[in-house]
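Inspection log for the structure reproduced underneath, given as structure tokens.
Bear in mind that the values in this text are calculations on the coordinates, not laboratory data. Not measured: the values here are computed from a predicted model. We place every Cβ from the backbone using ideal geometry, glycine too, and count neighbours over all the protein chains shown.
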Amino acid sequence: MNNVVLSNTFRFFFLILLQVLLLNNINFMGYINPYLYILFILLYPFNGNQTLLLILSFFLGLGVDLFEDSGGINAAACVVIAYIRPVVLRFSFGVSYDYQTIKFSSTPIGSRISYVAILVFIHHFVLFLLEFFNFAHFLLLLKKTLFSGIFTLILIFLTLALFNRRSR
């Protein structure tokens, strides 16, 4: 138990620092920006305390917001995906999630892709909707959500592949 808490604490602070010091400086073509910090929410233990996840998600987003000076939009987007995470887990992993018998690294690749993709695109849509706060820029909202989401997905799966190889 202590090892899980320690690794999640390290992951929490490492992802915030990586996001604000390195990834926020990446901006392809003016609208593609990776948001790897949500990996903390995605990898939070499936049988972990849901209330604690909501609180940690708020502070995760708030940590990024403090460095970006973005007024709480990252915190809001993180809380949204943390809140709907059980529904997405049930949708992606089915009965295995209901019985708490799954381990992320040993699940079918299709289930992993659907779980990560759904949460990434919801996070990005909420984030950019709150950033623009105007439906007049709806096409730009969809464009940023799609391209940043794809870039984030690629980065997340590369990170997962890198750390899965190292842990074996």
Exercise. Applying the Karplus parametrisation 6.51 cos²θ - 1.76 cosθ + 1.60 with θ = phi - 60° to the phi angles of the stretch 68-85, what ³J(HN,Hα) value in whole Hz is obtained for each residue in order, glycine and proline being reported as x?
Worked result: 8, 6, 10, x, x, 6, 5, 5, 5, 5, 5, 5, 4, 6, 5, 5, 8, 3
Exercise. Semi-axes of the equivalent ellipsoid of the chain: what are they in whole Å, largest first, if each equals the square root of 5 times a C-alpha gyration tensor eigenvalue?
Worked result: 25, 18, 16
Exercise. Taking the mean number of other Cβ atoms within 10 Å as a proxy for protection, how do you rank 123-131, 109-117 from highest to lowest?
Worked result: 123-131, 109-117
Seminar exercise, completed: Calc'd 3J(HN,Hα), the stretch 20-33, phi into Karplus 6.51 cos²θ - 1.76 cosθ + 1.60 (θ = phi - 60°), Hz, glycine/Pro = x, comes to 7, 8, 10, 6, 5, 8, 8, 8, 6, 6, x, 9, 10, 9
Seminar exercise, completed: Note, the stretch 47-57: 3J(HN,Hα) by Karplus (6.51, -1.76, 1.60, θ = phi - 60°), whole Hz, Gly/Pro = x, goes 9, x, 5, 5, 5, 4, 4, 4, 5, 5, 5
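Restricting to DSSP H runs of at least four residues, report the calculated mean residue ellipticity at 222 nm for the chain, -39500 (n - 2.57) per run over all residues, nearest 500 deg cm²/dmol.
Values: 7 runs with 123 residues, N = 168.
Theoretical 222 nm ellipticity from helices: -24500 deg cm²/dmol.
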Exercise. Taking the stretch 1-77 as the region of interest, what is the percent of Cα-Cα pairs per 10 angstrom bin, listed from the shortest bin to the one with the maximum distance?
Worked result: 18, 51, 25, 6, 0
